[in-house]
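**Student:** Structure below; questions to follow.
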């Protein structure tokens, strides 16, 4: 059914209002934060790829999102960049250590870090807006306008979405592109048109050239096509096979295109990654290493892409992790369910449970085919994530959130259609609770924890790293120091931003960032001691390092900076002899 002019105006008005509110929330948040742990690498990598066609910076992610974020930097005059210093460095030495020093130098000494970050972060905000538009469109087409408006409102104040829409990382991008892929596949199965098919191909390719986890879309799309052909007769087998062929060929071309149709990662043709020959990597991932070696020998894909995939897969192996006071290098299968339970707004959890019951009760009216397109991607994304040992952040399952909002939308529709006013009263009550939870933490949305666990101040008891403390609060720390006349501070900081950039005079303590490891000294006492929560709980420290900070956990801090840095006053040594 074709929409009337009035209906189109109404939709445009809603989306314009949403875009304005979302942008204001995101910009007001990210301008108060220093760079998070991974942003300097992402942004430096993107700018090098755009400006020098050099893909040697942090190859464990494909470059599209980074290049997208770095686009505004091309309009900024005076940016200093010298990639020639990479040429004499051995590839393994470069990948494991030197590249991080290069990024730090580029951001904090050669250029104005915040100026670059602010421009780049807005490009990610734009993707957050576009993701919201697609979510609205799906709900509007399936469940109606009123339900779509409320679901879009939920999306706007979902703290995990807002947090990662404000950062130059790959998490929001892959969330946007995964959702776009499934949305256009859903539309293609309902109405096979050139526009829907091309939208499917574009988003599928973008997901795969933004983050390696986008590869999971392959089996998801194939299974959904199989269900559409066999169970629902929505597509003919020949059409489904043609779609698979289109996606494969489009993605292969997109991979070559994003690397400039060049095999070597830079103009230095002799400088190539050879991770597959490294004994440690081959031991950890022997099958993948052999496949990568063969692909490289045949030049079937760019060197930085294949070798970067091997590097990223190798890092998914044993890695230190923290969960609710426990430490492990093997991880926990229940890490992501717990992270979801404590970092998702209570109102959304209520709507999810209700929406699941509506799916069961009204699957005929809603359409079983529609429900499959919502639930199957969630299951196939979370399942592999739970089987990995890479337990450092809820952000690794961020792509399920838009789909979960589709589940919540079913509950919203049921409440709106209730005969009594009770349904609308319930929606209003849930909205108030959601707004209160969101308002309590905003603009520090990265540190969001729900009221089930006592909110963000209790977050460090359950999760750290990118769930809470990702290095984003150096700027607020400096403001607190200025307000309280603190000229010097003892600092144990988990992040990659440089305190000297913000004019913080500090003594680095154990657990300092790699760029400051050689500067670690005993604290100057009496004096203030600022400790990031990730270091305070000892997530990545040795037993000796944990013992050094453990006595502080029993003290009341004089300040809690952004829920991620705790400041203590110490007049004498607190650590055990």
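**Student:** Rounded to the nearest 5, what is the percent of antiparallel bridges among the DSSP beta bridges in the stretch 473-570?
**Tutor:** If I count the DSSP bridges inside the stretch 473-570, around 60 percent turn out antiparallel.
**Student:** Same structure, new question: Mind checking the full-extension length gain between residue 146 and residue 262? Use 0.36 nm per residue of separation minus the Cα-Cα distance, one decimal, nm.
**Tutor:** Here the segment from residue 146 to residue 262 would lengthen by 36.8 nm.
**Student:** Also: Report the FRET efficiency, 1/(1 + (r/R0)^6), for residue 525 and residue 92, where r is their Cβ-Cβ distance and R0 is 45 Å, rounded to 0.05.
**Tutor:** 0.65
**Student:** Ranking request for peptides 207-219, 105-117, 160-172: highest mean number of other beta-carbon atoms within 10 Å first, then the rest in descending order.
**Tutor:** Sorting 207-219, 105-117, 160-172 by mean packing, highest first, produces 160-172, 207-219, 105-117.
**Student:** To the nearest 500 deg cm²/dmol, what mean residue ellipticity at 222 nm is calculated for the chain from DSSP H runs of n ≥ 4 alone, each contributing -39,500 (n - 2.57), summed and divided by the residues?
**Tutor:** Computed ellipticity for the chain at 222 nm equals -17500 deg cm²/dmol.
**Student:** Using a 7 Å offset from the Cα along the Cα-to-Cβ direction at both residue 21 and residue 461, what is the distance between the two label points in nm, to one decimal?
**Tutor:** 3.3
**Student:** Per 0.36 nm of contour for each residue apart, how much would the distance between residue 425 and residue 248 grow if the chain were fully extended, relative to their Cα-Cα spacing?
**Tutor:** Full extension of this stretch gives 58.9 nm more.
**Student:** Most exposed first by the Cβ proxy, i.e. fewest other Cβ within 10 Å, how do 4, 306, 500 rank?
**Tutor:** Lowest count first: 4, 500, 306.
**Student:** Using the basic label-point model (7 angstrom from Cα toward the beta carbon), what is the residue 326 to residue 109 distance in nanometres?
**Tutor:** Between residue 326 and residue 109, the label points sit 4.3 nm apart.
**Student:** Could you order the peptides 274-280, 259-265 from most to least packed, using the average number of other C-beta atoms within 10 Å per residue?
**Tutor:** The peptides rank, most packed first, as 259-265, 274-280.
**Student:** Still on this structure, please answer the following. Work out the FRET efficiency for residue 518 and residue 294 from their Cβ-Cβ distance, taking R0 = 30 Å, and round it to the nearest 0.05.
**Tutor:** Efficiency at R0 = 30 Å is approximately 0.15.
**Student:** Continuing with the same structure: For the chain, what proportion of DSSP beta bridges, expressed in % and rounded to the nearest 5, is antiparallel?
**Tutor:** Once the DSSP bridges in the chain are tallied, antiparallel ones form about 65 percent.
**Student:** Based on other C-beta atoms within 10 Å, arrange 488, 104 from fewest to most.
**Tutor:** 488, 104
**Student:** Taking a virtual spin label 7 Å from the Cα of residue 365 along the C-beta vector, which residues in the stretch 135-149 bring their backbone nitrogen under 16 Å of it?
**Tutor:** 142-148
**Student:** Modelled label-to-label distance, residue 10 and residue 32, 7 Å Cα→beta-carbon offset: nm?
**Tutor:** 3.6
**Student:** How would you rank 120-133, 414-427, highest first, on the average number of other Cβ atoms within 10 Å across their residues?
**Tutor:** 120-133, 414-427
**Student:** Just need log10 I(q)/I(0) for the stretch 473-570 at q = 0.12, 0.23 Å⁻¹, Debye formula, equal scatterers on the alpha-carbon atoms, no solvent, rounded to two decimals.
**Tutor:** For the requested q values the scattering log ratios are -0.32, -1.35.
**Student:** Sort 361, 478, 343 so the one with the fewest other Cβ atoms within 10 Å of its own Cβ comes first.
**Tutor:** Ranking 361, 478, 343 by Cβ neighbours within 10 Å, fewest first, gives 361, 478, 343.
None of the figures in this text is laboratory data; all of them are computed from the coordinates on show. For clarity, every value in this text was computed on a predicted model and none was experimentally measured. Ideal geometry is used to build each Cβ from the backbone, glycine not excepted, and the neighbour counts take in all protein chains shown.
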